[in-house]
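The values are calculated or read from the model by the stated rules, or taken from the named source; none is laboratory data. Values in this document were obtained by computation on a predicted structure and should not be read as measured data. Don't worry about glycine lacking a Cβ; one is built from the backbone with ideal geometry, like all the others, and counts go over all protein chains shown. Accessible surface areas use protein heavy atoms only, side chains included; no ligands, DNA or RNA. Shrake-Rupley method; radii C 1.70, N 1.55, O 1.52, S 1.80 Å.
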Amino acid sequence: MSSYDTALSADPEVAGLIHQELHRQQSTLQLIASENFTSPAVLAASGSVLTNKYAEGYPGKRYYGGNSIIDEVEDLARDRATALFGADHANVQPHAGANANLAVYQALLEPGATVLAMRLDHGGHLTHGSPASITSKVWRFVAYGVTAARDDPERPGEVIDFDQVADLAKREQPALIVAGSTAYARTIDPHPFREIADSVGALFMFDAAHPAGLIAGGAHPSPVGVADVVTMTTHKTLRGPRGGAILCGADLAKKIDSAVFPGLQGGPLEHIIAAKAVAFAEAARPEFRHYAADVVRNAAALGTALAAEGFRLVSGGTDNHMVLIDLRTFDAELTGKEAQEVLDRAGITLNRNTIPDDPRSAFVTSGLRLGTAAETTAGMGPAEMQVIAGLIGRTLRTRSDEASVAAVRSEVAALCAGFSPYRDLLS
Ligand code: DSN
């Protein structure tokens, strides 16, 4: 029995659930684009005694005693983050990417200020001004989107419409322009955003929640030094614990720090900050560069294989860790909701997603979003991506036949058995 199991045996109910989830993660395919498998070192730091400590404030300026070691932990995380990304300043306290974004808005904007950000149904995030988010109640968001889809394999469209960004910026005079997305399979070049922001005197925030690991690993261009502020999550392609971080120049450091604490959050999660430090160090290693390149290569292979199954790739392909597919070319009747549910029964975990100008609601959708960050960590390569695309096609073609879906589930389990990121935790 591992020490992990020994400790958990004190609560068999929770232990049982954790084991069930561990088994699910290991025996089914994890293709949610925002998920990954952290290293055992990240898991260990997340489950450490650092969770016991109250540390409101920042290193050297805490409201509670006993923080000399905690200060070293947080300094280490900040130093590793700034070294990894080449930034002047890092705030590693945001509990999530959403908190990081809110803190930046709070630091840089007066209530009611205008912000230009990506449309939710074209790939933007809830905190980019969704009517359901507090962001839209405090600030005035104006949305830009992607260009129309084109029937031209050379220029398929559905890429960020920079003409529209420039026109809206000129007309609306935003205080802040936000780049970044949760469902956009192409590289986001920060430079055109910078030029447009400068042309209207706006600040520029790059939300790198999804590509942070690809940026750290050199597979995508870095917005650090181009944008005024970069926000990110630490748990997606960056492969750290669930959480967020903010990078900025020395000029904005004080404003950003004050906006995170005391502006938005209370006591920082120092166990998670330690785990972020572990992840930043892991991402600085040469092997992480290979990992980032492999994630992109696997997404390209998955996209090509899915297109061969009859799915339309939104924007015609992918440059990053995700593939966004339009189900309607495969089967006009099939919704994202139904596809997600039947694929779940087949052991293929992914999420339904709206596609640009989706005629169906965000709850039903015409698309699926898939990502390769987790299964690349598990060791899968282009050959497995080909197999996965075939299993997805077969499941959806035979979706009314539960025996066929069950057969796929067995094949998925057999495939996953060869790629177990947590073999030691199971033993
Ligand atoms: N839930 C995240 C994602 O899946 O992209 C965004 O918050």
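Details
- Value of relative contact order over the chain, rounded to a whole percent, pairs C-alpha under 8 Å and six or more apart: 22 percent
- Each of His128, His290 has its accessible area taken with a 1.4 Å probe; listed largest first, they run His290, His128.
- Annotation: per residue accessible area for the range 1-69 equals 58 Å², rounded to a whole number [probe 1.4 Å, protein chains only].
- From most to least packed by mean Cβ count within 10 Å, the peptides 104-113, 301-310 give 301-310, 104-113.
- Fraction of accessible area attributable to carbon and sulfur, the chain (%, probe 1.4 Å): 54 percent
- Bridges between two residues of the range 103-179, per DSSP, are antiparallel at a rate of about 20%.
- Probe 1.4 Å - accessible area at Arg423, Å² to nearest ten: 130 Å²
- Put simply, the Cα atoms of the range 184-332 extend 51, 41, 31 Å along their principal axes, the longest span coming first.
- Using a probe of 1.4 Å on the protein chains alone, the accessible area found for Ser222 is around 50 Å².
- Net charge over other residues, Cβ less than 11 angstrom from the Cβ of Gly145 (K, R count +1; D, E count -1): -3
- A 1.4 Å probe, protein heavy atoms only, puts the accessible area of Leu17 near 110 Å².
- Label-to-label distance, Asp357 versus Ser400, with points set 7 angstrom from Cα along the beta-carbon direction: 3.2 nm.
- Peptides 323-330, 140-147 ordered by packing proxy, namely the average of other Cβ atoms within 10 Å per residue, highest first: 323-330, 140-147.
- Share antiparallel - DSSP beta bridges, the chain, percent rounded to 5: 55 percent
- Relative to the current alpha-carbon distance between His290 and Lys255, full extension at 0.36 nm per residue lengthens the span by 9.0 nm.
- The Kirkwood hydrodynamic radius of the range 149-214, based on inverse pair distances between different Cα atoms, is 13.0 Å.
- Prolate/oblate/rounded call for the chain, Cα gyration tensor, a/c under 1.5 rounded: oblate
- Taken per residue, the accessible surface of the range 291-354 reaches 32 Å², heavy atoms only and a 1.4 Å probe.
- Mean Cβ neighbour count within 10 Å, used as a protection proxy, ranking 149-162, 79-92, 251-264 highest first: 79-92, 251-264, 149-162
- Against the compact-protein benchmark of 2.2 N^0.38 Å, the Cα-based radius of gyration of the range 76-143 scales to 1.27.
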